[in-house]
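Peer 1: Structure below; questions to follow.
The values are calculated or read from the model by the stated rules, or taken from the named source; none is laboratory data. None of the values given here were measured: they were computed from a predicted structure. Cβ placement follows ideal geometry from the backbone for every residue including glycine, while neighbour counts extend to all protein chains displayed.
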């Protein structure tokens with residue numbers, strides 16, 4: 001067994017209602033001046049209200065930055081960081097989906113350290129320290145509360161900040177916060193979590209290890225067994241709980257065994273055409289898996305019945321292909337688009353997108369099968385429809 005390293009979120013609170021009554025430990029951790037980073041939708045729905053009220057009751061002054069955009073631009077971080085500096089913030093909360101949590105992570109980093117945003121892009125470039133950080137997800141998909149990764153759009157290109165400094169001090173997992181998610185959001189975030197687990201399990205990263213693989217398999221059991229349920233019956237708190245925990249476990253898995261070509265090819269779709277991340281990863285998933293099949297067949301065969309228990313009865317010779325076919329059927333069944341053409345991507349843009357995808361070397365290096373520029377273009381052409 002080869003050496004490996006596990007980085008993890010320090011503390012986790014899980015359960016219905018826990019965000020409305022955060023532990024005193026949370027208030028003590030964040031200190032007297034807290035900035036909550038979120039988006040306008042969370043403010044409109046008042047989802048963060050009970051959490052903020054609890055902090056204020058504990059004596060904290062709370063400021064809210066609710067300008068986070070989907071696929072957050074670097075200016076979101078700069079603006080929120082300026083607000084945090086102006087109030088001499090002692091702690092940062094990311095409350096919302098992956099975009100809000102990613103912005104909060106980087107705000108905590110750049111305000112707490114001497115580094116600027118442009119100086120922290122890349123893998124293990126950030127030196128820290130950061131401000132105390134608590135993350136509260138309101139979707140079940142990104143797993144950002146479990147990862148040392150934040151993704152930012154700068155000049156239409158997605159850039160990553162990857163550092164253990166981004167792991168939060170605490171994650172608060174409250175499935176009640178996900179009850180109001182529309183079916184389309186539940187579908188997109190849920191399929192994204194499945195992509196995280198699949199890519200973590202099959203990653204050829206030197207840090208792929210028994211713990212990350214076990215987390216990925218447990219995540220796939222929870223996600224595969226409940227994704228269609230939360231899309232069709234969004235008020236099912238049991239299914240919502242399973243999805244939220246599955247998303248966290250998938251995030252923990254890929255935090256230590258990084259994702260690969262599905263994400264590399266999805267990034268240009270989101271960055272260029274402002275397509276939700278889960279929509280683009282779900283769309284690219286079956287096409288990348290078919291490309292990877294010659295090298296990933298054994299792993300795909302292993303996890304097939306975790307996602308789709310009925311496939312346990314399928315022949316091992318055909319189980320991997322059957323899983324890819326089942327995932328191809330699942331995407332439209334939960335209401336997501338299945339072709340690039342359907343989401344408005346012009347065919348003429350495919351060569352440039354392939355070039356952009358090849359710039360994601362930190363991801364492609366983890367793919368089970370090497371991807372060339374020509375391969376990337378062929379995968380896009382297959383996904384075009």
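Peer 1: Looking at region 109-127, is at least one residue under 26 Å from residue 285 (Cβ atoms) and either modelled with pLDDT of 95 or more or over 18 Å from the mean Cα position of the chain (by Cα) (or both)?
Peer 2: Within region 109-127, the subset under 26 Å from residue 285 (Cβ atoms) is 123.
If we keep only those that are either modelled with pLDDT of 95 or more or over 18 Å from the mean Cα position of the chain (by Cα) (or both) as well, we get none.
Within region 109-127, not a single residue is under 26 Å from residue 285 (Cβ atoms) and either modelled with pLDDT of 95 or more or over 18 Å from the mean Cα position of the chain (by Cα) (or both).
Peer 1: Separate question: Any idea how many residues of region 315-336 are part of a loop (DSSP other than H, G, I, E, B) and either on the phi > 0 side of the Ramachandran plot or free of Cβ contacts under 8 Å to residues at least 12 places away in the same chain (or both)? Full working, then the answer.
Peer 2: Restricting attention to region 315-336, the residues satisfying the condition of being part of a loop (DSSP other than H, G, I, E, B) are 315-318, 334-336.
Among the residues that remain, those that are also either on the phi > 0 side of the Ramachandran plot or free of Cβ contacts under 8 Å to residues at least 12 places away in the same chain (or both) are: 315, 317-318, 335.
Count: 4.
Peer 1: Continuing with the same structure: From the list 362, 369, exactly one residue is within 30 Å of residue 163 (Cα to Cα) and under 22 Å from the mean Cα position of the chain (by Cα). Which is it? Break it down stepwise before answering.
Peer 2: Values: 369 fails: under 22 Å from the mean Cα position of the chain (by Cα).
The match here is 362.
Peer 1: Moving on. So residue 132 clears everything in (1) within 21 Å of residue 9 (Cα to Cα); (2) in contact (Cβ under 8 Å) with a residue 60 or more places away in the chain; (3) surrounded by fewer than 24 Cβ atoms within 10 Å (Cβ to Cβ); (4) under 19 Å from the mean Cα position of the chain (by Cα) except one condition, right? Which one?
Peer 2: (4)
Peer 1: Scanning region 137-160 for residues that are over 13 Å from the mean Cα position of the chain (by Cα) and touching a residue at least 12 places away in the same chain (Cβ under 8 Å), which turns out surrounded by the fewest Cβ atoms within 10 Å (Cβ to Cβ)? Please lay out each step first, then the result.
Peer 2: Quick first cut of region 137-160, residues over 13 Å from the mean Cα position of the chain (by Cα) only: 153-159.
Within this subset, residues satisfying the condition of being touching a residue at least 12 places away in the same chain (Cβ under 8 Å) are 153-154, 156-159.
Working: 153: 21, 154: 15, 156: 12, 157: 14, 158: 21, 159: 18.
The selected residue is 156.
Peer 1: Now for a separate question. Among the strands (runs of 3 or more DSSP E) contained in region 1-99, which hold 2 or more residues that are modelled with pLDDT of 95 or more and more than 25 Å from residue 153 (Cα to Cα)?
Peer 2: On the way: elements: 12-14, 33-37, 61-65, 91-96.
Where strands (runs of 3 or more DSSP E) fall fully within region 1-99 and carry at least 2 residues being modelled with pLDDT of 95 or more and more than 25 Å from residue 153 (Cα to Cα), they are 12-14, 33-37, 61-65.
Peer 1: For residue 214, are the conditions met, namely being within 30 Å of residue 369 (Cβ to Cβ) and in a helix (DSSP H, G or I)?
Peer 2: yes
Peer 1: Please tell me if residue 229 is touching a helix residue (DSSP H, G or I) at 6+ places or on another chain (Cβ under 6 Å), more than 21 Å from residue 183 (Cβ to Cβ) and not in a loop (DSSP other than H, G, I, E, B). Don't jump to the end; show me each part of the working.
Peer 2: Numbers: touching a helix residue (DSSP H, G or I) at 6+ places or on another chain (Cβ under 6 Å): yes; more than 21 Å from residue 183 (Cβ to Cβ): no; not in a loop (DSSP other than H, G, I, E, B): yes.
Taking the combined requirement at face value, the residue does not satisfy it.
Peer 1: Tell me whether region 112-126 contains one or more residues that are out of contact with any strand residue (DSSP E or B) (no Cβ under 7 Å at 6 or more places or on another chain), outside the structural domain of residue 215 (by TED's automatic domain parsing), more than 22 Å from residue 272 (Cα to Cα) and buried (at least 22 other Cβ atoms within 10 Å of the Cβ).
Peer 2: The answer is no, given that none of the residues of region 112-126 is out of contact with any strand residue (DSSP E or B) (no Cβ under 7 Å at 6 or more places or on another chain), outside the structural domain of residue 215 (by TED's automatic domain parsing), more than 22 Å from residue 272 (Cα to Cα) and buried (at least 22 other Cβ atoms within 10 Å of the Cβ).
Peer 1: Here is a further query. Do we find that residue 156 is more than 24 Å from residue 89 (Cα to Cα), at pLDDT below 95 and touching a helix residue (DSSP H, G or I) at 6+ places or on another chain (Cβ under 6 Å) in this structure? Write out each step before concluding.
Peer 2: Values: more than 24 Å from residue 89 (Cα to Cα): yes; at pLDDT below 95: yes; touching a helix residue (DSSP H, G or I) at 6+ places or on another chain (Cβ under 6 Å): yes.
So residue 156 passes the test.
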